[in-house]
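Readers should treat all values here as calculations from the given coordinates under stated rules, not as data from a laboratory. The shown structure was predicted, so the numbers you read here are calculated from the model rather than taken from an experiment. Because the Cβ atoms are built from the backbone with ideal geometry, glycine has one as well, and the counts that use them run over all protein chains shown.
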Amino acid sequence: MEFKIKSRNMDLNDELKDRAEKKIKDKMLKYFDRIIKIEVELTLEKNPKIALNNLIEVTVFTGGEVLRAESSGSDMFEAIDKVSNKLERLIKRFRDKLIQRGRKGYESRIGSGENVEEELKKMIVKTKTFTLKPITPEEAVIQMELLGHDFFVFISSETVKTAVVYKRKDKNYGLIEPVGN
């Protein structure tokens, strides 16, 4: 398993690295034994108006799931503790949802190396198909709003690649575009 930790606007010392490994890596391995990679990014915001200026973003790549959490604190140790608790709640909520849907025994299988993807495949109960035509991201946002959805998949007329527009929590929109082939 790969554990990457990087920082922006700050020096990354061994004490921070050890705390992140202990609180994040060890906690994730307790719940998932098939983690491929964990990426941790520590950022110190230099804006004096931001009280909680120590930010942390964690992305956990498992066999089929990608878990992401972010948090902030008055110091980086507080931020690491907060994001660790968020990740734990996220995993528990995910596991509880599967158990409530009738996947009895999932909790014991998740850490044993069983094929989690097969269990999740059974939970896909509806498939939608649709025709994609090249449109601009702005047109995609309009279509998304007309449909009342939180996201919209389309082929970008600018890049001729599949892209996604989505509603952000701050009421703005995001655009996801692939890079490479």
Cα principal axis extents for the chain, largest first, Å: 52, 48, 31
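What does DSSP give for the chain in terms of the percent of beta bridges that are antiparallel, rounded to the nearest 5?
The antiparallel proportion sits near 75 percent.
When the Kirkwood radius is taken over all Cα pairs of segment 141-181, what Stokes-Einstein diffusion coefficient follows at 37 °C and 0.692 mPa s, in µm²/s?
D = 305 µm²/s.
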Mind giving me the nanometre distance, one decimal, between the label points for I36 and E15, set 7 Å out from Cα along Cα→Cβ? 3.6 nm
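Taking R0 as 30 Å, what FRET efficiency do you get between R68 and L147 from their Cβ-Cβ distance, rounded to the nearest 0.05?
Once the sixth-power term is evaluated, E becomes 0.75.
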Select from E21, E158, E70 the residue whose mean-square fluctuation is largest in a Gaussian network model of the chain (Cα-Cα springs shorter than 10 Å). E158
Reduced to Cα centres, the span from segment 3-50 to segment 137-181 in Å works out to 30 Å
Given K128/K167; K27/K121; K49/K169; K25/K122; K25/K171, which pairs have Cα atoms separated by over 31 Å? K25/K171
Using the Cβ atoms and a cut-off under 14 Å, what net charge is assigned to the surroundings of N172, where Lys and Arg are +1 and Asp and Glu are -1? 0
Which loop trypsin sites (Lys or Arg not before Pro) in segment 1-76, with loop taken from DSSP, have no more than 13 other Cβ atoms within 10 angstrom of their Cβ? K46, K49
If the reach is capped at under 19 angstrom between alpha carbons, list the aspartates and glutamates near K46, excluding any in the same chain fewer than eight residues apart. D11, E57, E70, D75, E78
Sorted by average packing, counted as other Cβ atoms within 10 angstrom per residue and highest first, what order do 71-78, 118-125 take? 71-78, 118-125
Cα to Cα, under 20 Å, and not fewer than 8 places away if on the same chain: which lysines meet these conditions relative to K133? K161
Determine the shape class of segment 20-75: with a ≥ b ≥ c the square roots of the Cα gyration tensor eigenvalues, call it rounded for a/c under 1.5, and otherwise prolate if a/b is greater than b/c, oblate otherwise. prolate
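For the chain, what is the calculated [θ] at 222 nm in deg cm²/dmol (nearest 500), taking -39500 (n - 2.57) for each run of four or more DSSP H residues and dividing by its residue count? The partial results should precede the final answer.
Values: 6 runs with 61 residues, N = 181.
Mean residue ellipticity, 222 nm, calculated: -10000 deg cm²/dmol.
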Between beta-carbons, use under 14 Å as the cut-off and find the net charge around S84, counting Lys and Arg +1, Asp and Glu -1. +3
